[in-house]
1. Place the peptides 117-126, 299-308, 443-452 in order of packing, highest mean first, counting for every residue the other Cβ atoms within 10 Å and averaging per peptide.
2. Please compute the length gained on full extension between LYS222 and ARG269, using 0.36 nm multiplied by the number of residues separating them and subtracting their Cα-Cα distance.
3. Given the pairs LYS301/LYS342; LYS255/LYS418; LYS261/LYS291, which are separated by over 30 angstrom at their Cα positions?
4. At a 10 angstrom cut-off on C-beta neighbours, averaged per residue, how do the peptides 417-426, 453-462 rank from highest to lowest?
5. Given 0.36 nm per residue, what is the gain on full extension from LYS307 to LYS244 after removing their alpha carbon distance, in nm?
6. Could you list, bin by bin from short to long, the percent of Cα-Cα pairs of region 71-148 in 10 Å steps?
7. What distance in nm separates the simple spin-label points at GLN96 and LYS233, each placed 7 Å from Cα in the Cβ direction?
8. Using packing as a proxy for protection, rank 391-401, 240-250, 129-139 so that the peptide with the highest average count of other Cβ atoms within 10 Å comes first.
Amino acid sequence: MMMRLVVLLFCLLLGLGAENAYAKPAAKNTKSAPAKSTAKNTPAKNASTKKPTKSSVKASSKNASKSSATKKTDAQINEQKNALKKLESDLAKKRQELALLETEEKGVLNTISILDQNLNQTRTYLSELSKSEVMLERALVQLTADIDSLDRKIETRREAMRKRIRTLYISGRNSEARVLYSLLTQEGSPDRQVYWVHHILNQDQQEVEVLQQLVQERDEKKQSESAHLSDLKQLRTKKAAEEKGLVTQMSGQEKMLMSLKHDQNMQRRALKEFEQNQKTMLALIKKLEEKRKKEIEQTKKDEAARKAKEKADKGKKKDTKAPAKKVEKPKVTVAESVKGPKCTPLKGNIISQYGLQEHPVLHIMTRNLGVEIRGKRGEAVRAAAAGSVVMVGEIDGRGPSVIIEHAGGTYSVYGHLKSIRVQEGKEVRNCEEIGEVGDVASLNGIKLYFQVSEGTQTVDPLQWLKQ
């Protein structure tokens, strides 16, 4: 026992001390009461001093949850940064394309289309910039609150350590040595005595470590705050420039549309381009229908050849042990309206009807082969009926498009798609998602071009959907 006490006192001389708050009560107990009574009082002290430990555990748990929330916010900010980078890349390509139009003689409709796409992408980019701005502002408010809270905790702990150092300077280590001696010589539970000796020797070290952790956490949050402030400044500069650029773009588009209204030569060019796009669409449907009819003719020929062969085999009067396999006749379909359930490809307002009417942008009379449905960015486009995808590609005046062949030689066309999720030759179910609505090759914002042809004859898509 004496050797154990010597070792512990040696540790005290090396600088491992106990907080004065724990030393004084124990010292008083050793003076005012015999060893037995002190041993009995120790559990009470033990129970009372465990309460701060529980609260410190709760505090550390709370800090951990705050740290987790901060990490989640940072992850969201980084995700938003990546989204902005993609938008900036797309916008740069579109503006480069627009710059080429200024140096080259391009079609009127193509120019209006690219101007409109550029405007829509700029609006989307501004919306995402505003979203990023709000996220950064909220993160900064949270960081400021966290830093203030940490500053208060650090100051409280530093004040406690200043008092501790002052007490050590005045009292020295003798009082702590007496406490240790009292703990080791009194009667009582050995486990409890070991606990209190360990507690006294490690309390100061733990306090210093906690303070260091708080200072480190505060420094990290300060760095994060500085980075967010820098990002917010750059973002606001970009936003101001884009807002100014948007006004210029809108003014340029308005001037071009005004010129189109009053310049007859430009109107003729625009009308010629529009009619050429319509002819391209009709020619494409005609080609698909001719291909379908050739397949039907080839099926008929194959069936006739099969029947002739069967007849020739019977005429030879040869004994056959097994009966000839019955070959199923392929179905021959004719052009007629699709029967069964149909699905509206996109929920939205009809902005352009089928047939002869005034064009909403060109303000000249045109004949529409389909209808145009207003959409919102990111909305899904769905197959109007079950069928087979016969074409995926770019169509003049319609942009990225999908054509689906339905039973009986009916074709549905979906144009101005931002993205396409089906492949040629694949079967699609009724109402299956085939792509995402967009504004590529559109003259007036995000919309879906929807056309239906029975054979080579176009029909009103809205009436067709009701059949």
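Where a number appears in this text, it was derived from the coordinates with a stated rule and is not lab data. Because the structure is predicted, anything quoted here is derived from the model rather than measured. With ideal geometry, Cβ positions are generated from the backbone for all residues, glycine too; neighbour counts draw on all protein chains shown.
1. 443-452, 117-126, 299-308
2. Values: separation 47, 0.36 × 47 = 16.92 nm, distance 6.13 nm.
This chain segment gains 10.8 nm when fully extended.
3. Violating the 30 Å limit, Cα to Cα: LYS301/LYS342; LYS261/LYS291.
4. My ranking of the peptides, most packed first, is 453-462, 417-426.
5. Using 0.36 nm per residue and subtracting the Cα-Cα distance, I get 15.1 nm.
6. Computed distribution, short to long bins: 17, 35, 22, 16, 8, 3, 0.
7. Here the modelled spin labels are 3.1 nm apart.
8. Values: 391-401: 18.5, 240-250: 12.8, 129-139: 16.3.
Peptide ranking by packing, descending: 391-401, 129-139, 240-250.
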